[in-house]
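To keep things clear, I will list the structure first and then write my remarks on it.
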Amino acid sequence: MLTKATFRYSHTIGFQTNQGRGFSNPVDVALDSSGTLYVLNRAGPEVGIRLPYKRVTICTVGQEYLGEFGTGGTGDGQFWWPSSLAFDSVGRLYVADEALHRISVFAKDGQFLAKWGINGSRDGELNRPSYLAFDQEDNLYVADSLNHRVQKFSQDGRFHSKWGTPGNAPGQFNMPWGLSIDEIGNLYVADWRNDRVQKFSLQGDFLAEWGTSSNGAGQFNRPSSVAVDAAGLIYVADWGNERVQVMSQEGETLAVLRGDSVDSRWAEDYFAANPDEAILRRKADLEPSIKPHAEHSREESANVEQLLWGPTAVKLDSQGRIYIVDSCRHRLQIYQKVGHS
């Protein structure tokens, strides 16, 4: 049986910057075939001064900054409420935009290639597309959040199928969010407002569900993302509970990750170049004693810097690393599955 000790904190990437080497309210991360990270920055409210900060940042797990692309707006290659990104098998990057009800496609260097999607509720139309996942045949699955369904498309946006209706019965959704496909071809859906994770075949057949609404082990408060490793372990970004839970297929909670962050290399470089701010930081109480609210951990997470605050996405790589998008702290926290060969 796996225990909490099976997962250890590795390091942090990022800190808050509006442009350049850092992040601004990141919401998702995708890894290309070589392991390069593409981090999607939502950058807070959609006001003029923030629009340039909506972008995709490119970096490595070793904290090498490689560049960025994109900006806020409604034109080709621009973002308004960017929410998710995913690579197809030939290295094209797809970005979902909730406000524009569309999917944009880019080359890995940021060159805009195409877009598709219109607002509506008919087959192939979108209403707040919130998350993306590709299967092994390059079919794209979209969490069509305000239509309370999952839709399946070809790479160029041709509609294939759909499933889901509003509700809380098995196979129904209330604002589905995160998606993940395991190695044997099952689709997992973070069913946001139903506070659960559901499992389906790729044809939409309901297989299982986990979770109820609360903050105990195996319970969720607005789960935003889900990932599944080769051993079948389920990783859930439990957004409203400020944590990531690791669960077995039987629903047993194996680990709870609350956050263990130290400064990233980028942050260390910044404070080395700005000693006055470094002095103020050393004087600050970064780990105050906070008694969390009985219902949730938000106050504690907002005050204790090492903790996760608004974890919006969780992704995995083939080396056993777990990437947690720590949105309100503008960083990624990375854990390692111990014993992974």
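The values are calculated or read from the model by the stated rules, or taken from the named source; none is laboratory data. Quick caveat, the model's predicted, so the values are computed rather than measured. Heads up, the Cβs are rebuilt from the backbone with ideal geometry, glycines too, and the neighbour counts pull from every protein chain shown. The area values use the complete protein model at the heavy-atom level, side chains included, leaving out ligands, DNA and RNA. Shrake-Rupley method; radii C 1.70, N 1.55, O 1.52, S 1.80 Å.
Rank Glu242, Glu125, Glu137 by mean-square fluctuation in a GNM of the chain with C-alpha springs under 10 angstrom and give only the top-ranked residue.
Glu137
Using 0.36 nm times the number of residues separating His160 and Ala273, minus their current alpha carbon distance, what extension gain do you get?
Values: separation 113, 0.36 × 113 = 40.68 nm, distance 5.32 nm.
35.4 nm is the gain from fully extending His160 to Ala273.
Determine, for the stretch 67-206, the count of lysine pairs separated by eight or more sequence positions (or lying on different chains) whose alpha-carbon distance falls under 19 Å.
Details: Lys115/Lys152; Lys152/Lys162; Lys152/Lys199; Lys162/Lys199.
Lysine pairs satisfying the spacing and distance rule in the stretch 67-206 number 4.
According to a simple spin-label model (label point 7 Å from Cα along Cα-to-Cβ), what is the distance in nm between Leu286 and Ser201?
Calculated label separation equals 5.1 nm.
Using 1/(1 + (r/R0)^6) with R0 = 30 angstrom and r between the beta carbons of Asn174 and Val47, what's the FRET efficiency to the nearest 0.05? Mind showing how you got there, number by number?
Working: r = 30 Å, r/R0 = 0.99.
FRET efficiency, Asn174 to Val47: 0.50.
Name the trypsin sites (Lys or Arg not before Pro) in the stretch 88-165 that are in a loop by DSSP and that have at most 15 other C-beta atoms within 10 Å, would you?
Arg122, Arg158
Seen from all sides and averaged, what is the projected area of the convex hull of the Cα atoms in the stretch 253-325, in nm²? Kindly include the intermediate steps, with their values, before the conclusion.
Working: hull surface 27.3 nm².
If you wrap the Cα atoms of the stretch 253-325 in a convex hull and average its projections, you get 6.8 nm².
Accessible area per residue of the chain at 1.4 Å probe, in Å²?
Numbers: 14180 Å² over 341 residues.
Each residue of the chain exposes 42 Å² on average to a 1.4 Å probe.
Going by Cα centres, the stretch 177-236 and the stretch 109-134 are how many Å apart?
After rounding, the separation between the Cα centres reads 22 Å.
Rounded to the nearest 500 deg cm²/dmol, what is the calculated helix-only ellipticity per residue at 222 nm for the chain, with -39500 (n - 2.57) per DSSP H run of length n ≥ 4? Provide the component values of the computation, followed by the final result.
Working: 3 runs with 24 residues, N = 341.
Computed mean residue ellipticity for the chain: -2000 deg cm²/dmol.
At 0.36 nm per residue, minus the direct Cα-Cα distance, what do Ser89 and Leu66 gain on full extension? Give it in nm, one decimal, please. If you can, show how the numbers build up before the last one.
Values: separation 23, 0.36 × 23 = 8.28 nm, distance 2.16 nm.
Contour length minus Cα-Cα distance gives 6.1 nm.
Count the net charge of all other residues whose Cβ sits under 13 Å from the Cβ of Asp182, scoring Lys and Arg as +1 and Asp and Glu as -1. Please report the intermediate quantities before stating the final value.
Details: positive: Lys199; negative: Asp135, Glu183, Asp229.
Its environment carries a net charge of -2.
What is the calculated FRET efficiency for Ala208 to Ser34, with r their C-beta to C-beta distance and R₀ = 35 Å, to the nearest 0.05?
On the way: r = 34 Å, r/R0 = 0.96.
Between Ala208 and Ser34 the formula returns 0.55.
What percentages make up the Cα-Cα pair-distance distribution of the chain when the bins are 20 Å wide from 0?
Whole-percent P(r) values from 0 Å outward: 33, 60, 7.
Expressed in nm to one decimal, what extension gain is obtained for the pair Glu125 and Asp260 from 0.36 nm per residue of sequence separation less their Cα-Cα distance?
44.5 nm
Name the shape class, rounded, prolate or oblate, that the alpha-carbon gyration tensor gives for the stretch 61-167, where a ≥ b ≥ c are the square roots of its eigenvalues, rounded holds for a/c under 1.5, and otherwise prolate holds if a/b is larger than b/c and oblate otherwise. Intermediate results must be reported in sequence, preceding the final value.
Working: a/c = 1.91, a/b = 1.52, b/c = 1.26.
Since a/c reaches 1.5 and a/b is larger than b/c, the shape of the stretch 61-167 is classed as prolate.
Work out how far the C-alpha atoms of the stretch 166-221 reach from end to end along every principal axis, then list the three figures in whole Å, largest first.
30, 24, 16
Hey, any idea what % of the chain's accessible area is carbon plus sulfur with a 1.4 Å probe? Let's see the in-between values first.
Values: 6770 of 14180 Å².
That fraction is 48 percent.
Could you please report the charge total around Ser318, scoring K, R as +1 and D, E as -1 over all other residues with beta-carbon less than 12 angstrom from its beta-carbon? Working shown, then result.
Details: positive: Lys315, Arg321, Lys337; negative: Glu183, Asp229, Asp317.
Taking every other residue near Ser318 into account, the sum is 0.
Jot down the per residue volume, in cubic angstrom and as a whole number, of the convex hull over the alpha-carbon atoms of the stretch 1-84. Kindly include the intermediate steps, with their values, before the conclusion.
On the way: hull volume 10.8 nm³, N = 84.
So the per-residue hull volume is 128 Å³.
When the C-alpha atoms of the stretch 156-291 are aligned to their principal axes, what extent does each axis show, in angstrom, from largest down?
Reported extents, whole Å, longest axis first: 58, 42, 30.
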